[in-house]
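Quick notes on the structure that follows.
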Amino acid sequence: MDNKKLFRLATAVFWLFVLALVAMDTASTGGVRVEPPPIALGSGQAASGGHCSGR
Amino acid sequence: MRWFTRLFLVVGGLAGVLAVMLAAGVRQGLLALLGIGFGAVLQGARFGFTTGWRDFIERRDPQGLWAQMLLMVLAAAVSLPLIAGSGGELVGAVAPLTISLVLGAFLFGAAMQLADGCGSGTLYKAGAGAPLSFAVLPTFALGSFVGASHQPGWIALGGLPAVDLLAFGWPVALAITVLACGLVAWLAGRAAQRTPASPQAAAMQSVRTATASFVAAPVAAAPRAAAGWSRRWWLGALLLAALYGLHLIVAGQPWGIVYGIGVWGAKIATALGWSAVGDPFWGVDPHAVRLAEPLLADVTSVTNLGLIYGALAASRWNGPADFKVPSSRRLIAACIAGLVMGYSSRMAFGCNVGAYLGGIASASLHGWVWFALAFAGSMLGVRIRQRIGG
């Protein structure tokens with residue numbers, strides 16, 4: 001198998017793996033989740049997402 | 001045929017964004033779109049934090065450092081007035097000056113040279129198909145997961161409280177940030193002037209400029225660009241700063257990388273039977289909520305996924321990409337470095353994006369401490385890399 005074919009195969013396998021994991025995770029962690037406003041600025045809500053800085 | 005590939009990549013990206021919107025809401029879809037933008041710019045401009053530092057350490061080529069300082073100034077100019085006037089809707093990346101920050105940043109700086117990519121670099125290179133970054137990603141996730149779990153213990157070692165320059169008002173905070181960035185850029189330029197022009201440095205810039213997909217210059221023109229300030233660097237900084245500002249407005253927090261990678265590790269560990277109950281980090285809010293919710297609801301995860309796709313699209317925009325398979329010795333070293341990088345990034349409150357860019361653009365002193373220690377670590381990492389080869 002030449003480099004280009006190997007490259008395409010590796011990329012396809014990687015994305016299939018990622019999509020499968022995300023789909024399985026989305027399916028298994030259902031439940032009620034309050035959707036945040038589309039844009040944080042002007043929403044009147046404090047930021048609540050986790051961040052590397054430790055929040 | 002090229003138009004078909006481009007159409008396929010654009011449609012694929014938009015379909016992904018739509019899917020995220022349907023699954024996790026409009027905000028998450030917008031963040032996925034911004035992530036695609038980050039990945040496309042990082043790969044399209046070959047904007048590497050790691051390579052920028054290495055170019056300077058090895059050959060006194062200041063172009064990458066200049067671009068990073070330009071990015072910091074622009075990101076700070078956009079974000080500081082917004083954070084100051086938002087009334088808490090937008091927050092910056094502010095962290096204390098702990099012993100763990102010092103140790104973690106130094107280790108991260110060394111490891112990122114061996115892994116051939118920092119937080120963002122590993123993701124965009126993996127998206128573009130670099131085998132080394134593919135190999136680094138799983139160990140990076142493991143390290144970030146374990147490092148986060150140990151983070152409270154590291155913080156307990158002590159240190160100084162956070163220093164947020166925004167307390168002096170955003171004009172003062174911005175002025176200090178601009179002056180400090182200008183000083184770094186000036187020192188880098190001065191060091192370059194004192195060093196004889198390196199044909200090797202020009203060759204390295206030529207190769208990267210010729211493969212920077214959206215600012216590609218003909219190879220014949222590249223040496224000219226390498227002698228001054230290659231367009232890919234400053235254009236990349238401008239675009240990344242714009243995306244950084246948009247991300248802050250949409251998410252309410254600065255762009256981050258490693259938190260999401262740690263969530264991936266924790267999610268996989270949970271699927272394998274590990275329980276977050278009682279864990280000093282993952283067992284408490286808001287992190288416990290992140291694990292209970294779908295991955296697509298996490299801000300950094302969804303941006304990271306978009307970033308990887310954006311890098312894939314940019315790398316294929318002008319046709320099929322090529323790659324070199326690294327030696328097994330290089331692969332093993334990179335995997336170990338990925339583990340160290342993931343762990344140390346959590347000791348240091350983030351990587352080059354969450355702590356270095358996010359910290360400095362938020363006028364938090366920990367960003368500058370991170371930069372100094374990670375740069376010192378990179379000097380060691382470059383030496384080790386030269387011994388290993390590649």
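Key figures
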read-out: Residue selected from segment B:70-79 under the condition of a type in the set (A, V, I, L, M, F, W, C) and crowded, with 24+ Cβ neighbours inside 10 Å, by the criterion nearest to B:L357 (Cα to Cα); value: B:M72
read-out: Any hit, segment B:334-342, residues being surrounded by fewer than 24 Cβ atoms within 10 Å (Cβ to Cβ), of a type in the set (A, V, I, L, M, F, W, C) and under 30 Å from B:V94 (Cβ atoms); value: yes
read-out: Qualifying residue in segment B:367-390 (condition: open to solvent by 40 Å² or more (accessible area, probe 1.4 Å) and assigned to a loop (DSSP other than H, G, I, E, B)); value: yes
read-out: Positions within segment B:281-291 being modelled with pLDDT of 95 or more and exposed (fewer than 15 other Cβ atoms within 10 Å of the Cβ), in sequence order; value: B:G283
read-out: Selection count where residues are on the phi > 0 side of the Ramachandran plot and exposed (fewer than 15 other Cβ atoms within 10 Å of the Cβ), scope segment A:6-55; value: 3
read-out: Options B:A19, B:A23, B:A40: the member that is away from chain A (no Cβ under 14 Å) and either more than 30 Å from B:R190 (Cβ to Cβ) or assigned to a loop (DSSP other than H, G, I, E, B) (or both); value: B:A40
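Matching residues to (1) crowded, with 23+ Cβ neighbours inside 10 Å; (2) at pLDDT 95 or above; (3) among the acidic types (D, E); (4) within 15 Å of the chain's Cα centre (by Cα):
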{"position": "B:A105", "(1), (2), (3), (4)": "yes, yes, no, yes"}
{"position": "B:G109", "(1), (2), (3), (4)": "yes, yes, no, yes"}
{"position": "B:A115", "(1), (2), (3), (4)": "yes, no, no, yes"}
{"position": "B:P131", "(1), (2), (3), (4)": "no, no, no, no"}
{"position": "B:V136", "(1), (2), (3), (4)": "yes, no, no, yes"}
{"position": "B:F140", "(1), (2), (3), (4)": "yes, yes, no, yes"}
{"position": "B:F145", "(1), (2), (3), (4)": "yes, yes, no, no"}
{"position": "B:P161", "(1), (2), (3), (4)": "no, yes, no, no"}
{"position": "B:D164", "(1), (2), (3), (4)": "no, yes, yes, no"}
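The values are calculated or read from the model by the stated rules, or taken from the named source; none is laboratory data. As the structure is a prediction and not an experimental result, all values here were calculated from the model. We place every Cβ from the backbone using ideal geometry, glycine too, and count neighbours over all the protein chains shown. Note: areas computed on protein heavy atoms with side chains; ligands, DNA, RNA excluded. Shrake-Rupley method; radii C 1.70, N 1.55, O 1.52, S 1.80 Å.
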